[in-house]
Amino acid sequence: MFYQKFLFNTTENDGTHVAATAVYSAATQYGFVPPSSPQEVNVFPGNGGWIANKKLTPDLQPQQHDNGVSLAKSHLPLCFGICVPEAGNYQIAVTIQAGATALNSLNLYYGRRQLVREHLHIAAHQQLTIEFYAHVGSYYQAVGTAPISDNTMYISVLGLTSNATLSAISIKEAAVPTLYLAGDSIVADNEAKLPYAGQSNGCGWGQMLAPYFDLAIDNQAHNGMTTACFRDDGHWQLIEQALQPQDIVLFHFGHNDQKRRYLSAYGGFSTNLRRFIKDVRAKGATPILVTSLSRIPKQDANGKYDLLAEYAQAELRLGQELDVPVIDLHQFSFEQLCTLQEKVDLTQYFNDAAHTNDYGAALAANWLVQLITQQKIAPLANYITTAPKPITLQATLPTEKHFANEQPISKQPVLGYSDTKFLPATIQKELQVALRLHLIDPCVRYLHPYANMPRGQFLYLLAAVAKPFVQNDYQGQYADVYRYEWDAAYVQAAIDAQLIDPATISDDQIRLDDPLTGQELLSFVVRNLQPITQRQLSLRACEKIATQLGLIWPNYSATAPVDRLTCLLTLVHATEI
């Protein structure tokens, strides 16, 4: 059985002594790990989840003491890497020594900046050893690439100064179940920029679960995922091929499914979850559904609401249908946020209407574990070692800030789509512009360039470049739009901006699921180029102006459906006029 112990002090001799100058390498297979550069394209490129500018390099050099190693400043992490022989679960013990004064603000992390303990208290001149389980395995580092098989266990301690030292780390194989997390950016691991400031970093609640559980956690959640692309892009296969009996899989989707009309709550979304549940049970493991964390609640004349409620209800019905445990995080978080937004500045916890920072993720994880405990969700509740105490937030003045709709979270400045690599260089260059304009999602593997563009999906893209495009409460103009669906605000914005030609409306229906035609595309684009008072243009007039502006593409047809690539290139060309 694999076992290693690393000593950073000079008083023990039952392990491998490590000097403060030891840097991790493939040759040594252990050593201190520096943060990556902000210019690094890939996510978690062997950096333990930390990003720093070069000017911080001197402060990140470990300092040697008799009882261990430390750093000069408390807002920087000391990260140590250990190469293990194979993917799997390991038990880790980390020993920290306090100096002349007590410690109260140490944070311990493993892997991709996943929290183990926070605000550790160690009495003066005392040692504390923290033991926990952790998983090492493959994950997707960047869109369009093969999964990374990184068998390095990263251990990070934040808050070490000359008064606190890392004294020892041991690691050994462990036969414990794995809790797999399948989900979107609300769950996903995020890197942190240094110097560390919890409010300024993105963080998914999956990064904050480990303090509560006595099992290993493998967070395979990824930014931008739907129940469809989580499977199509290969993320599900990493979980499925590793699943063992007694393992548990938590599913958290909905935020991005809602933006694809073919993934409606009781349609594609539920179908895909049924497939996941069947796959998990075939492996002898346990599936558990988690309804989506609520966005910051909105309010209209009927009261407060969140657009994910229908997806939460669909999961509750699936739970009854398939006898699957469902943790209703959506309803609980919605109620909590309705109360909190009257008392607390939620910009301290959220980066936009949906995505949390470190503090908000800790809050969401706490809510989740409260529900697991209250509902006695089996078998997960059996592995809870730390009872969740409700987090009391300090009262602050409620913010008047308008929370913007969530934006894709990605470091990727270049195209990573598997199905665009064959396109000519000139088109790829234009798609790079589309990426910069936020017209396309940088988080998924496939662009589907030749798929028809639905009218509703096009409005979602158009919002990135249309001016003005203010998303207001839907006023009910069309019979086929529901006030509390995702697309409703985009439809109202297009109405208010005079972007919709009445000739494209049939029987009071905007036909969001119908494919966009060439003439309809030109109508939207040309109207958007005009002052808002001059947008009452017919389809034929828009077609004529588009011809003059050079926006007509080869093989143009007024009535034929247009594909995604044509729509994207036309929008890019229009922004250059």
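Computed quantities for the displayed model
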| read-out | value |
| --- | --- |
| For the range 441-519 versus the range 263-285, the gap between their alpha-carbon centres in whole angstrom | 29 Å |
| Selected from Leu115, Thr227, Pro62, residue furthest toward positive end of dipole (the chain; charges at beta carbon) | Pro62 |
| Amide H contacts under 5 Å for Ile327, placed H, 5+ residues apart | Leu289, Val290, Thr291 |
| Relative packing of peptides 371-383, 211-223 - highest average C-beta neighbours within 10 Å first | 211-223, 371-383 |
| For the range 502-519, 3J(HN,Hα) per residue [Karplus equation, 6.51 cos²θ - 1.76 cosθ + 1.60, θ = phi - 60°, Hz, x = Gly/Pro] | x, 5, 8, 9, 10, 6, 6, 10, 7, 6, 5, 8, 6, x, 6, 9, x, 5 |
| Relative contact order computed over the chain (Cα-Cα under 8 Å; 6+ residues apart), in percent | 11 percent |
| Cα-centred dipole magnitude for the chain, charges only on beta-carbon of K, R (+1) and D, E (-1), debye, nearest 20 | 680 debye |
| Those lysines that a straight Cα-Cα span of less than 22 Å connects to Lys298, excepting residues fewer than 8 apart in one chain | Lys259, Lys343, Lys401 |
| Two-site FRET efficiency, Thr339 against Ile532, from Cβ-Cβ distance with R₀ of 25 Å, rounded to 0.05 | 0.05 |
| Protection proxy ranking of 536-545, 269-278 - average other beta-carbon atoms within 10 Å, highest first | 269-278, 536-545 |
| Difference of contour (0.36 nm per residue) and Cα-Cα distance, Ala560 to Phe422 | 47.2 nm |
| Per-residue SASA entry for Glu310, accessible area with 1.4 Å probe, Å² rounded to 10 | 90 Å² |
| Estimated vicinal HN-Hα couplings, Hz - the range 167-172 in sequence order (Karplus 6.51, -1.76, 1.60; Gly, Pro = x) | 9, 7, 9, 10, 8, 8 |
| Accessible area per residue in Å² at 1.4 Å probe, computed on the chain | 42 Å² |
| Segment Gln244-Ala123, length gained on full extension (0.36 nm per residue, minus Cα span) | 39.5 nm |
| Fraction of accessible area attributable to carbon and sulfur, the range 240-309 (%, probe 1.4 Å) | 47 percent |
| Under 24 Å from the Cα of Lys172 - lysines, other chains or at least 8 residues apart | Lys5 |
| Simple label model, 7 Å out from Cα along Cβ direction - Asp232 to Asn53, nm | 4.0 nm |
| Total charge dipole magnitude, the range 1-153, about the Cα centre, Cβ charges on Lys, Arg, Asp, Glu only, Debye to nearest 20 | 360 debye |
| Inverse mean reciprocal Cα-Cα distance (Kirkwood Rh) of the range 438-557, Å | 15.1 Å |
| Cleavage-rule hits (GluC sites (Glu not before Pro)) in the range 145-246: DSSP loop, at most 13 neighbouring Cβ within 10 angstrom | none |
| Under the Karplus curve 6.51 cos²θ - 1.76 cosθ + 1.60, θ = phi - 60°, whole-Hz ³J(HN,Hα) for the range 300-316, x wherever Gly or Pro sits | 9, 5, 8, x, 7, 7, 9, 6, 8, 4, 5, 5, 5, 5, 4, 6, 5 |
| Projected label distance in nm at Lys467 and Asp66, using a 7 Å step from Cα toward the beta-carbon | 6.7 nm |
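The values are calculated or read from the model by the stated rules, or taken from the named source; none is laboratory data. Predicted model, so just to flag it, every value in this text is computed and none were measured. Virtual Cβ from ideal backbone geometry, glycine too; neighbours counted across all protein chains shown. Protein only, heavy atoms only, side chains kept; ligands, DNA and RNA dropped before computing areas. Shrake-Rupley method; radii C 1.70, N 1.55, O 1.52, S 1.80 Å.
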